[in-house]
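Colleague: Quick one: this structure, given as structure tokens, is what I'll be asking you about.
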Amino acid sequence: MAFQPKYGYYPSNLDLEKFCIKNNLPANKVVRILNLFIRKPLGQEDSRGITLNSKILRRSVGDIYKKILECLLVNGVIENTVGYEIGNHSREYQLADEYYYAENVGKHLIEISLTNKALDYRNKERIILKFIEDYNKPRSQRTVDLPIQIFDEDYKNLIKWFKNGNLTIDSKKAFSKINELNIKEKEPHKYLHYLAIVNIFEEKDYHLKSDLNHRLYSSITNLPKFLRGCLRYDGEELIGIDVSNTQPLLLSIICDYDYLEELYVSSNIDVRPRMLVKFLKHLKTSPSDLKEYKKMVESGNLYESFIDIDPKFDRSIIKENLIKIINDKGINGTKEKKLIRNALKNRFPTIAMLLEVLKSIDHRFASWTLMTKETQLFLFEFVQNFYLNQAHYNIPIFTIHDCFITTKSNVDLLENEIKNFFLENYKVKIPLKREYY
């Protein structure tokens, strides 16, 4: 569940009122669909065309989505670029040129408030019961979002900094940046999105949600780095504290007997039992390669330690391929992946074994486990511990997964607190670097 935005966006040169009257369509539902072309679905941000999932559309606007799409097509607002093919791909759509190259965005209220409080209460009650039922299923079968009541409580220490009104954006500076980088010409598929997201911060119409791995997504998550420098909290600029080589670091932390056993018993991972038992016995021997791996990760030199594999390799090649190896199905599609995967097995066999165990039934459990652990450590354990100290009550923290963002005057304190927390609780010297926007 989430804090849903009040407004949706559409190309400013579309006469929304005229279009809706002509086609007898509700404006709020039309805008809900057009908003998908402005603020692209996750994973489709870098393309002009988007695929639209019928289940999501039906959940968002009801069965009327079919009529809306048909009217948008007939009236030349959108175009169908790729047809539907069973088992292969969904239909793909894009804004027609006239609207794709619009100068600005319009906005329209899409939030509908229930006036029947009794009905609203019953709906919320049903959602919670459905969530509990879903949560008792194995991780791979869960589909239900976190109910808003639980979301509010779990993320309260991070939500409050959006709700208090002190987060602002320098719109003039933001628009100047967009023009300076010539986004309209160089990245037209992102131009209207950037205009819309600036307006979101102007209106304080933030969108916050969590996924099935409990990761928090907010309007800051979707804000490109070049626009983060336009944000202010209580008039003060923001600075990020980024955790270095996060996924390799998390692998070293979850490589723990008790933690893996607990995950298996609670059905949060589904792996081959014999492989897990064998690996847990291996961990009992305190393997020396795991100790060496942890040293490399904490020093921030893990990627550099693989450069000697091939004279053509640099840090960026190692990083790109090692992240793929951590999350993939175990198939070597390139020479680079094959060399690095083999080096990982030879140099750090315990980590290679851990990945084999996590992927033994479904390769996605590797990334799911790491993302869940990231959230547990960064968003829940650290943030909750930080605010137990009353002296920290007025220090804002915003997060972008493995990056903590705060005001310039508080960045030193926050960085020291992060280091101390992980050293005291996990015996980890967490590698950090600052992000200046």
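The values are calculated or read from the model by the stated rules, or taken from the named source; none is laboratory data. For clarity, every value in this text was computed on a predicted model and none was experimentally measured. Cβ: placed from backbone, ideal geometry, glycine included. Neighbour counts: every protein chain shown.
Colleague: Among the listed residues GLU381, GLU374, which satisfies the condition of being more than 12 Å from LEU250 (Cβ to Cβ) and of a type in the set (Asp, Glu)? Break it down into steps so the answer makes sense when it comes.
Modeller: Details: GLU374 fails: more than 12 Å from LEU250 (Cβ to Cβ).
Only one candidate passes the filter, namely GLU381.
Colleague: So, one more: Can you tell me which of (1) aliphatic (A, V, I, L, M); (2) over 18 Å from LYS190 (Cβ atoms); (3) surrounded by fewer than 18 Cβ atoms within 10 Å (Cβ to Cβ) is the one LEU42 doesn't meet?
Modeller: The number of the failed condition is (2).
Colleague: For the condition surrounded by 15 or more Cβ atoms within 10 Å (Cβ to Cβ), part of a helix (DSSP H, G or I) and either in contact with a strand residue (DSSP E or B) (Cβ under 8 Å, 6 or more places away or on another chain) or not assigned by TED's automatic domain parsing to the domain that holds LEU167 (or both), what is the one hit in ILE405, ILE430, ILE351, ILE395? Let's see the steps before the verdict.
Modeller: On the way: ILE405 fails: part of a helix (DSSP H, G or I); ILE430 fails: part of a helix (DSSP H, G or I); ILE395 fails: part of a helix (DSSP H, G or I).
The match here is ILE351.
Colleague: State the number of residues belonging to region 265-304 that are crowded, with 17+ Cβ neighbours inside 10 Å, free of Cβ contacts under 8 Å to residues at least 60 places away in the same chain and part of a helix (DSSP H, G or I).
Modeller: Qualifying residue count for the region: 3.
Colleague: Does LEU344 satisfy the condition of being at pLDDT 95 or above and in contact with a Cys (Cβ under 6 Å, 6 or more places away or on another chain)?
Modeller: Answer is no for this residue.
Colleague: Can we say ASN425 is over 25 Å from the mean Cα position of the chain (by Cα), surrounded by fewer than 18 Cβ atoms within 10 Å (Cβ to Cβ) and among the polar types (S, T, N, Q)? Working first, answer last.
Modeller: On the way: over 25 Å from the mean Cα position of the chain (by Cα): yes; surrounded by fewer than 18 Cβ atoms within 10 Å (Cβ to Cβ): yes; among the polar types (S, T, N, Q): yes.
Yes.
Colleague: How many residues are closer than 25 Å to SER140 by Cα and free of Cβ contacts under 8 Å to residues at least 40 places away in the same chain if we restrict to region 333-354?
Modeller: 1
Colleague: Evaluate the following for PHE404: is it farther than 23 Å from LEU227 by Cβ and modelled with pLDDT of 95 or more?
Modeller: On the way: farther than 23 Å from LEU227 by Cβ: no; modelled with pLDDT of 95 or more: yes.
Here the answer is no, as PHE404 does not meet what is asked.
Colleague: Oh, and also: Take the residues in region 335-348 that are over 15 Å from PRO248 (Cα atoms) and in contact with a helix residue (DSSP H, G or I) (Cβ under 9 Å, 6 or more places away or on another chain); name whichever of them is surrounded by the most Cβ atoms within 10 Å (Cβ to Cβ). Explain how you work it out, then say what you get.
Modeller: We begin by selecting, within region 335-348, every residue over 15 Å from PRO248 (Cα atoms); these are 335-339, 342, 346.
Among the residues that remain, those that are also in contact with a helix residue (DSSP H, G or I) (Cβ under 9 Å, 6 or more places away or on another chain) are: 336-337, 339, 342, 346.
Values: GLU336: 20, LYS337: 18, LEU339: 17, ASN342: 13, ASN346: 10.
Ranking the candidates gives GLU336 first.
Colleague: Okay, next question. TYR217: in contact with a Lys or Arg (Cβ under 7 Å, 6 or more places away or on another chain), among the aromatic types (Phe, Trp, Tyr) and more than 23 Å from LEU146 (Cβ to Cβ), yes or no? So that I can check it myself, show each step before the final result.
Modeller: On the way: in contact with a Lys or Arg (Cβ under 7 Å, 6 or more places away or on another chain): yes; among the aromatic types (Phe, Trp, Tyr): yes; more than 23 Å from LEU146 (Cβ to Cβ): no.
The answer is no for TYR217.
Here is a yes/no grid of residues against (1) charged (D, E, K, R); (2) in the same structural domain as TYR436 (by TED's automatic domain parsing); (3) touching a Pro at 6+ places or on another chain (Cβ under 9 Å):
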residue	(1), (2), (3)
GLN247	no, no, no
PRO287	no, no, yes
ILE307	no, no, no
ASN321	no, no, no
LYS338	yes, no, no
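Colleague: What is the one condition in (1) over 30 Å from LYS160 (Cβ atoms); (2) touching a helix residue (DSSP H, G or I) at 6+ places or on another chain (Cβ under 9 Å) that LEU377 does not satisfy?
Modeller: Going through the list (1) over 30 Å from LYS160 (Cβ atoms); (2) touching a helix residue (DSSP H, G or I) at 6+ places or on another chain (Cβ under 9 Å), LEU377 breaks only (1).
Colleague: Step by step: first the residues of region 183-217, then only those that are aromatic (Phe, Trp, Tyr) and in contact with a Ser or Thr (Cβ under 8 Å, 6 or more places away or on another chain), then the one that is modelled with the highest pLDDT. Which residue is that?
Modeller: Applying the first criterion (aromatic (Phe, Trp, Tyr)) to region 183-217 yields 191, 194, 201, 206, 217.
Then drop every residue that is not in contact with a Ser or Thr (Cβ under 8 Å, 6 or more places away or on another chain), which leaves 201, 206, 217.
Values: PHE201: 96, TYR206: 91, TYR217: 92.
Of everything passing the filter in region 183-217, PHE201 is modelled with the highest pLDDT.
Colleague: Return the only residue of SER60, SER47 being exposed (fewer than 14 other Cβ atoms within 10 Å of the Cβ) and touching a helix residue (DSSP H, G or I) at 6+ places or on another chain (Cβ under 7 Å). Spell out the reasoning first.
Modeller: Working: SER60 fails: exposed (fewer than 14 other Cβ atoms within 10 Å of the Cβ).
Only one candidate passes the filter, namely SER47.
Colleague: Kindly check whether there is at least one residue in region 224-231 that is part of a loop (DSSP other than H, G, I, E, B), in contact with a His (Cβ under 6 Å, 6 or more places away or on another chain) and within 30 Å of LEU42 (Cα to Cα). Lay out the reasoning, then the answer.
Modeller: As a first pass, look at region 224-231 and keep what is part of a loop (DSSP other than H, G, I, E, B): 224, 229-230.
Going one step further and asking which of them are in contact with a His (Cβ under 6 Å, 6 or more places away or on another chain), we end up with none.
No, because not a single residue in region 224-231 is part of a loop (DSSP other than H, G, I, E, B), in contact with a His (Cβ under 6 Å, 6 or more places away or on another chain) and within 30 Å of LEU42 (Cα to Cα).
Per-residue answers, yes or no, for (1) of a type in the set (Lys, Arg); (2) closer than 27 Å to GLU103 by Cβ; (3) touching a residue at least 40 places away in the same chain (Cβ under 8 Å):
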| position | (1), (2), (3) |
| --- | --- |
| ARG39 | yes, yes, yes |
| GLY49 | no, yes, yes |
| ARG59 | yes, no, no |
| LYS66 | yes, no, no |
| THR81 | no, yes, no |
| HIS89 | no, no, no |
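Colleague: Where in region 101-212 are the strands (runs of 3 or more DSSP E), entirely inside, with at least 3 residues that are closer than 22 Å to ILE239 by Cβ and assigned by TED's automatic domain parsing to the domain that holds THR399? Can you show your working first?
Modeller: Values: elements: 105-109, 167-169, 208-210.
Passing ranges, in order: 167-169.
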